[in-house]
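Before I ask anything, here is the structure I am working with.
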């Protein structure tokens with residue numbers, strides 16, 4: 001068999017090369033349409049040759065394509081399209097009917113000026129290269145990259161949270177030692193308070209008895225001889241005996257009241273910081289609330305007046321130290337929400353087979369976008385160093401472990417109400433230890 | 001060693017050839033866009049690679065830019081860089097047959113299209129003057145909204161010096177402007193010099 005002449009060889013290659021090749025003249029009539037174009041467009045060459053490109057393929061972007069071809073003619077220069085900006089010129093099926101990944105063949109196109117003998121561009125040749133595989137690989141790479149970027153962002157976030165948690169750990173460690181210290185000091189104070197208290201009791205009765213003796217003596221000295229009488233009267237006037245008698249009783253009474261207050265504070269401190277306690281036990285929530293209010297009295301007394309609307313409450317099975325922590329959180333938050341001076345109202349009552357405690361403030365209120373996040377760990381609106389962002393999330397988890405609910409109702413500018421509902425019976429006493 | 005590669009005569013000839021080439025380029029760009037184009041007189045420098053970023057910054061200013069590169073090959077081999085300022089070429093969308101509402105991909109394609117026209121016209125104009133045959137590779141986006149100084153990684157250039165030809169484009173009726181820089185490595189400068197000599201001999 002004879003070899004093909006070079007012209008015939010060129011024709012063969014142009015027709016059979018695995019690249020789409022077609023040529024249009026100045027009027028966009030198709031003058032060449034190779035095998036690749038025929039196969040993929042399902043329009044054999046005889047169907048399209050001599051016909052207008054846009055009549056044969058009305059879906060082509062006509063205005064743009066016309067400019068592009070005119071450009072090539074005017075500049076006698078190449079023009080290009082890339083799949084990254086224009087996925088395809090012709091919508092052809094891709095070579096991955098099974099493995100998929102894209103909707104249509106990705107194409108890179110080159111527009112070549114076809115010059116005549118005089119160097120004028122009469123026709124424009126377009127090559128259509130199938131770059132689907134590259135495009136798919138590129139997309140996969142881009143997706144992996146995006147995935148890696150996402151993971152990196154998550155890791156950065158985790159690291160920030162870890163730092164936060166570390167700081168929180170230091171803080172709670174500090175708080176725990178302070179709590180232990182307070183409990184120890186409270187215990188130490190209890191002993192001297194005990195004997196001072198008992199001595200004061202004795203002292204009070206001695207004072208009583210002394211007063212009786214003094215009463216018996218009163219007036220009797222008038223019967224003494226002059227010299228002795230005036231000496232006794234000088235003594236009585238010198239010490240202002242009437243006032244002294246009155247004040248002595250008052251001093252003893254006040255001292256006993258003062259001691260009672262010290263005892264109560266010590267007791268509250270001990271109640272509050274019962275560190276080891278994690279077993280649920282029956283507790284009087286009103287007692288818990290009062291204890292908490294005593295502990296935080298200093299923190300809130302300049303900001304808010306506390307109004308109590310206590311209802312009838314049964315004893316509730318709970319871990320009192322944890323519930324105290326929740327109460328403290330809510331009351332301190334309520335006071336901090338108040339800008340100048342306001343009221344913190346605590347309402348209690350029964351609801352269903354449980355009890356509720358509501359803490360309402362007349363503070364600034366919580367905007368809706370903040371409200372969505374207030375129970376998130378580490379979320380805080382307080383200045384750096386003031387809040388750890390853990391108070392409410394810890395409260396939330398404590399109430400959740402007790403089988404209860406914590407909800408918030410807030411109006412910006414009017415105030416907020418946090419409401420806790422707790423079942424009377426602890427759901428799983430054993431689990432409360434965690 | 002700045003322009004020492006060229007004699008005075010060669011340099012003048014190159015400037016003249018470039019001027020004529022750019023004049024033709026302006027005419028053909030105007031024909032394609034249908035609007036009158038203003039072109040600066042081309043500035044020709046021979047620079048060490050390390051000095052190219054500074055030269056670019058001097059032309060464009062310190063603003064953030066978007067740049068397209070395109071390689072050319074054949075009798076002359078090098079790369080052209082088209083640098084667009086912040087306004088980009090949205091202005092030209094209708095002239096290039098694009099819709100008014102451009103998505104990101106279309107905007108980039110428009111950028112590449114405009115660059116291809118400018119590079120083709122300028123290089124083609126020059127090639128014609130020195131009777132050189134030239135082909136072009138597809139243009140690609142180099143950088144988007146980047147600092148001018150970061151456009152070129154000169155540490156990757158192994159040519160000891162480069163010919164730097166700079167032209168500014170401006171459309172009369174629109175607020176579109178861009179800078180085109182042609183860069184030829186040293187061995188191509190010698191090719192160009194021979195071509196200039198042939199041109200001078202033919203006079």
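Taking the Cβ-Cβ separation of residue A:256 and residue A:154 as r and a Förster radius of 51 Å, what is the calculated FRET efficiency to the nearest 0.05?
Between residue A:256 and residue A:154 the formula returns 0.20.
Can I ask one more? Summarise the partner chain shielding of A:64-75 as one whole number: the mean count of Cβ atoms from other chains within 10 Å of each residue's Cβ.
Taking all residues of A:64-75 together, the mean is 6.
Quick check on packing: order B:97-105, A:120-128, A:139-147 by the mean number of other C-beta atoms within 10 Å, highest mean leading.
A:120-128, B:97-105, A:139-147
If each Cα of segment A:131-237 is one equal point scatterer, what is log10 of I(q)/I(0) from the Debye formula at q = 0.10, 0.17, 0.19, 0.23 Å⁻¹?
Rounded to two decimals, the profile gives -0.72, -0.97, -1.03, -1.14.
Then there is this: Relative to the present Cα-Cα distance, how much length would full extension add between residue A:162 and residue A:339 at 0.36 nm per residue of separation?
Extra length from residue A:162 to residue A:339 when fully extended: 60.5 nm.
Mind ranking A:333-345, A:68-80, B:152-164, A:92-104 by how tightly packed they are, going by the mean number of other C-beta atoms within 10 angstrom, highest first?
Ranking, from highest mean packing down: A:68-80, A:333-345, B:152-164, A:92-104.
Please average, across the residues of B:100-113, the number of beta carbons from any other chain that are within 10 Å of each residue's own beta carbon, and give a whole number.
Going residue by residue through B:100-113 and averaging, the value is 3.
Which order do the peptides A:237-248, A:54-65 come out in when sorted by mean C-beta neighbours inside 10 angstrom, highest first?
A:54-65, A:237-248
If you average 1/r over every pair of different alpha-carbon atoms in chain A and take one over that average, what Kirkwood value in Å do you get?
Final number for the Kirkwood radius of chain A is 31.5 Å.
If r is the Cβ-Cβ distance from residue A:185 to residue A:216 and R0 is 56 Å, what FRET efficiency results, to the nearest 0.05?
Once the sixth-power term is evaluated, E becomes 0.75.
If you don't mind, there's one more thing I want to ask. In deg cm²/dmol and to the nearest 500, what is the mean residue ellipticity at 222 nm of the protein assembly as shown if only DSSP H runs of at least 4 residues count, each as -39500 (n - 2.57), divided by the residue total?
-16000 deg cm²/dmol
Can you tell me the Rg and Dmax of segment B:67-144, counting just the alpha carbons, in angstroms?
Using the Cα atoms of segment B:67-144, the pair Rg, Dmax is 13.5, 42 Å.
So between residue A:301 and residue A:350, what do we pick up on full extension, going 0.36 nm a residue minus the alpha carbon distance?
Additional length available on full extension: 14.8 nm.
Each label point is 7 Å from the Cα along the Cα-to-Cβ direction; what then is the distance between the points at residue A:199 and residue A:3, in nm?
So the label points at residue A:199 and residue A:3 sit 12.7 nm apart.
Another question, if that's okay. Note down the nm distance, to one decimal, between modelled labels 7 Å out along Cα→Cβ at residue B:173 and at residue B:187.
4.7 nm
Tell me, what is the FRET efficiency for residue A:267 and residue A:312 to the nearest 0.05, using R0 = 30 angstrom and their Cβ-Cβ distance as r?
Result of the calculation: an efficiency of 0.75.
Averaged across the residues of B:21-29, what count of C-beta atoms belonging to other chains lies within 10 Å of each residue's C-beta?
1
Give me D for chain B in µm² s⁻¹, whole number, from Stokes-Einstein with Rh from the Kirkwood sum over alpha-carbon pairs, 25 °C and 0.890 mPa s.
D, rounded to a whole number, is 142 µm²/s.
While we're looking at this one, here's another question. Counting only Cα atoms, I'd like the Rg/Rh figure for segment A:6-130, Kirkwood definition for Rh.
0.96
Run the numbers on segment A:161-272 and let me know its relative contact order in percent, using alpha-carbon pairs under 8 Å that are six or more apart.
53 percent
Normalised by the residues of chain A, what does the relative contact order come to in percent, with Cα pairs under 8 Å and at least six apart?
Normalised by residue count, the contact order of chain A is 9 percent.
For labels at residue A:241 and residue B:63 in the simple 7 Å Cα→Cβ model, what's the distance in nm?
For the pair residue A:241/residue B:63, the computed spacing is 10.5 nm.
Which values of log₁₀ I(q)/I(0), to two decimal places, follow from the Debye formula for segment A:74-179 at q = 0.13, 0.16 Å⁻¹ with a uniform point scatterer at every Cα?
-0.71, -0.85
Over chain B, calculate the relative contact order: mean separation of alpha carbon pairs under 8 Å at least 6 apart, over the residue count, as a percent.
Rounded, it is 34 percent for chain B.
Here, each number is a calculation from the coordinates, and none is a lab measurement. Bear in mind that the values here come from a model prediction, so they are computed numbers and not experimental data. With ideal geometry, Cβ positions are generated from the backbone for all residues, glycine too; neighbour counts draw on all protein chains shown.
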